[in-house]
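Some notes on the structure that comes next.
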Amino acid sequence: MTSSSQPQPASAAPSAGAPAKLETATFGAGCFWCTEAVFQQLKGVHRVVSGYIGGHVPNPTYEQVCTGQTGHAEGIEIHFDPAVISYRELLEAFWLTHDPTTLNRQGADVGTQYRSAVFFHSPEQQQAAENLKQQLNDSNAFGKPVVTEITAASKFYSAEQYHQNYFNDNQRQPYCARIIRPKVDKVREVFKEKVQ
């Protein structure tokens, strides 16, 4: 496995033209297969890498992370062009496409590795995440408090190759059709202007 400084092959097709500067966003929203597929739909997203973040074991494997003992969350690292899509828009897509009110759980997936988390890379990202989380709670957007963890990004480890681009490579599998497809359809409907 490699760190984010040597990411796996691209999971999203690059946009035309060379951007002036890409930024990084890192989220945990349950199964990374779902989260990766959602963000691959958006214009301005040049690359999505599935992996592990927030734990204490170096170079964790999928099997280790699944035990819940490494402290890692299944996460995605997004490389995006802020001139095309803003960090706030990424946050909106993040909160829209998972349940941020359940602690350490997304549907049938239970454990700290499935926690809802924003891993910020700058004070500006931290402030944006905290502000939007507060707005969601103030408006009671989900009917229950948002419990998303907001914490500084730590070392990100790319997941094994078979986890990368999972939805696009396995769309006929029942999990992809039943669980991932509705999330992809939702983000494509809500963010019509931002879909690739």
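None of the figures in this text is laboratory data; all of them are computed from the coordinates on show. Predicted, not measured: the structure shown is a model, and the values here were computed from it. Cβ atoms come from the backbone with ideal geometry, glycine included; neighbour counts cover every protein chain shown.
For first residues located in the range 158-181 and at negative phi, partners that are of a type in the set (Ser, Thr, Tyr) and surrounded by 14 or more Cβ atoms within 10 Å (Cβ to Cβ) and lie 6+ apart or on another chain with Cβ distances below 6 Å form the pairs Ala159/Ser50; Glu160/Tyr62; His163/Ser50; Gln164/Ser11; Gln164/Ser50.
Are any residues in the range 67-94 farther than 12 Å from Phe32 by Cβ, outside any strand (DSSP E or B) and touching a Gly at 6+ places or on another chain (Cβ under 8 Å), and if so, which ones?
Gly68, Thr70, Gly71, Asp81, Pro82, Ala83, Val84, Ile85
Only residues that are among the hydroxyl-bearing types (Ser, Thr, Tyr) and closer than 22 Å to Glu63 by Cα were counted across the range 86-121, and they come to 3. In the range 48-84, the qualifying residues are those that are surrounded by fewer than 21 Cβ atoms within 10 Å (Cβ to Cβ) and aliphatic (A, V, I, L, M), and the one that is nearest to the chain's Cα centre (by Cα) is Val84. Would a scan of the range 119-137 turn up a residue that is surrounded by fewer than 15 Cβ atoms within 10 Å (Cβ to Cβ), in contact (Cβ under 8 Å) with a residue 40 or more places away in the chain, farther than 17 Å from Cys31 by Cβ and not small (Gly, Ala, Ser)? Checked against the condition, which is being surrounded by fewer than 15 Cβ atoms within 10 Å (Cβ to Cβ), in contact (Cβ under 8 Å) with a residue 40 or more places away in the chain, farther than 17 Å from Cys31 by Cβ and not small (Gly, Ala, Ser), the range 119-137 yields no hits at all.
Name the residue that is nearest to Glu130 (Cα to Cα), counting only residues in the range 62-97 that are of a type in the set (Gly, Ala, Ser) and in contact (Cβ under 8 Å) with a residue 60 or more places away in the chain.
Ala93
Out of everything in the range 129-162 that is in contact with a strand residue (DSSP E or B) (Cβ under 8 Å, 6 or more places away or on another chain) and of a type in the set (Gly, Ala, Ser), what residue ends up being nearest to Trp95 (Cα to Cα)? By that ranking, first place goes to Ala129. Among the residues of the range 145-169, those that are touching a Phe, Trp or Tyr at 6+ places or on another chain (Cβ under 7 Å) and not hydroxyl-bearing (Ser, Thr, Tyr) comprise Ile150, Ala152, Ala153, Ala159, Glu160, His163, Phe167. Given the conditions (1) more than 13 Å from Thr97 (Cβ to Cβ); (2) touching a helix residue (DSSP H, G or I) at 6+ places or on another chain (Cβ under 8 Å), and given that Thr151 satisfies all but one, which numbered condition is not satisfied? That leaves (2) as the condition not met.
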